[in-house]
Amino acid sequence: MSGRLIKTAVLFFMVMLLSAATILVSMGTKSLATVSAPLYVPPVAEKNPVPLSRPFREFVQFMEQELDSTHTVGAAFTIVHGGEVVYTGTYGERENGSQKEVDEHTLFRLASVSKGFAGVLASMLEQDGAFSLDDKVVDRYPGFSLKDSVSTADLTIRNLLSHTSGLVPYAFDNLVEADQELYTIIERLDEVDISAPPGELYGYQNVMFSMVDPIARKSTGIPYEVLLKEKIFNPLGMTDASAGPVDLQRNPNIAYPHVKTRNGYMALHPHEGYYNVLPAAGVNASISDMGQWLLALLGYQQERMPDTVISNITAPVIYTPLKWRYTRYWKPFRERYYSLGWRIYQYQGRKIIYHGGYIRGYRAEIAFCPSEDVGIAFMQNSPNNLASRCVPTFMDLFLK
């Protein structure tokens, strides 16, 4: 080989080494744009390319910066607009230090975002004739009793799903956290103080809300988690979604919960807290599932989710005087209501349907605006205030 060819070969070899080193360095980061946390563009966006409009581009840039600066371990978010999933981003790791990436099918716990599924399912069952939302609970759950006989007689299923039972807020959450069975807790509801007759006051509940589980089972003969699968998950193409504890042997693609310590986020083993109240906090889903869920909520699955069901869950039932800390990242507004498993905000002249969820190690957020045909969902396995900021930031950018 001539001297000139040898020099050329050496130069080529050095360039290849440099390129390989550059790739390895990029794989060590957690940016949304790196190899280790690739942006997932769903098939619908590939088949029907939709250029991101300015508000969406600005929001994606905001998320890229904030996910890094908050040292989030793993997260995913999706944007739906005009009948399409226009953007889905995945970020980071399922477990800190594991190098197992979050992808579009990684399961997160939805915590109280599960309540929206309960409201939709109950409305579907009403359409099917299983029960009426205005049926008395005592008629659908024989033996049911509260501390006051009038409240016992008057309480309806609608009251359960709108947090207007009249019981003091968060009644028996301590028993939920102690992993007691729902049926056992229900038997003790006659010990709980009552602050108002049914329908008059808003008081957030997990136990009372979750009574829709045994009521649905008694009315249909089908377990609640199976009803969710047959009525919502399967028809809407939510192929990863489930209710109740996840079998890690069958599906190891789960985002582990994390808690913040002095040395950063520490992974916990996936726990079963609040799975005893499935309607209130028991749904698991991937970001791919949440895109399909938002499309249905915005009216693009009418055969499977009729307009009457959507109208039901987006109609305000009770005014909610939320504390400032729950809406501190939103621009000031006063009209805040609760419907059936959903919060209703009248914000900047639009109706926004929203809910957030927290359970140890997880945060979830979802919101959609029917008049603007837009929605967003966010899930995180290392809770921080980005979850509280992402939805109002998105809405402000879009409505601007």
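A short reminder: the numbers here are calculations on the coordinates, not readings from a lab. Note that the structure is a prediction, hence the values are computed from the model and not measured. Here the Cβ is made from the backbone with ideal geometry for all residues, glycine too, and neighbour counts use every protein chain on show.
Descriptive notes on the structure:
- Entry note: the chain has Rg to Rh equal to 1.05, where both radii use alpha-carbon atoms and Rh is the Kirkwood radius.
- Highest average first, the peptides 209-221, 376-388 ordered by how many other beta carbon atoms sit within 10 Å of their residues are 376-388, 209-221.
- Among the listed pairs 323/351; 115/323; 100/260; 115/260; 100/400; 260/351, a Cα-Cα separation exceeding 30 Å is found for 100/400; 260/351.
- In the stretch 111-161, the trypsin sites (Lys or Arg not before Pro) that fall in loop regions by DSSP, at most 16 other Cβ within 10 Å: 147
- For residue 319 and residue 260, the difference between the fully extended length at 0.36 nm per residue and the C-alpha to C-alpha distance is 17.8 nm.
- Relative to its Kirkwood radius, the Cα radius of gyration of the stretch 123-220 gives an Rg/Rh of 0.94.
- Full-stretch length increase - residue 302, residue 139 - with 0.36 nm per residue and alpha-carbon distance subtracted: 55.5 nm
- Listed residue (300, 130, 206) projecting farthest to the positive dipole end of the chain, Cβ model: 300
- Estimated FRET transfer efficiency (residue 190, residue 68; beta-carbon r; R0 45 Å; 0.05): 0.30
- Partners for residue 136 among aspartates and glutamates (Cα-Cα distance below 19 Å; same-chain residues under 8 apart left out): 126, 128, 148, 154, 187, 190, 200, 213
- For the pair residue 397 and residue 179, a Förster radius of 45 Å applied to the C-beta separation gives a FRET efficiency near 0.65, rounded to the nearest 0.05.
- From least to most packed, judged by other beta carbons within 10 angstrom and beginning with the fewest, 372, 177 follow the order 177, 372.
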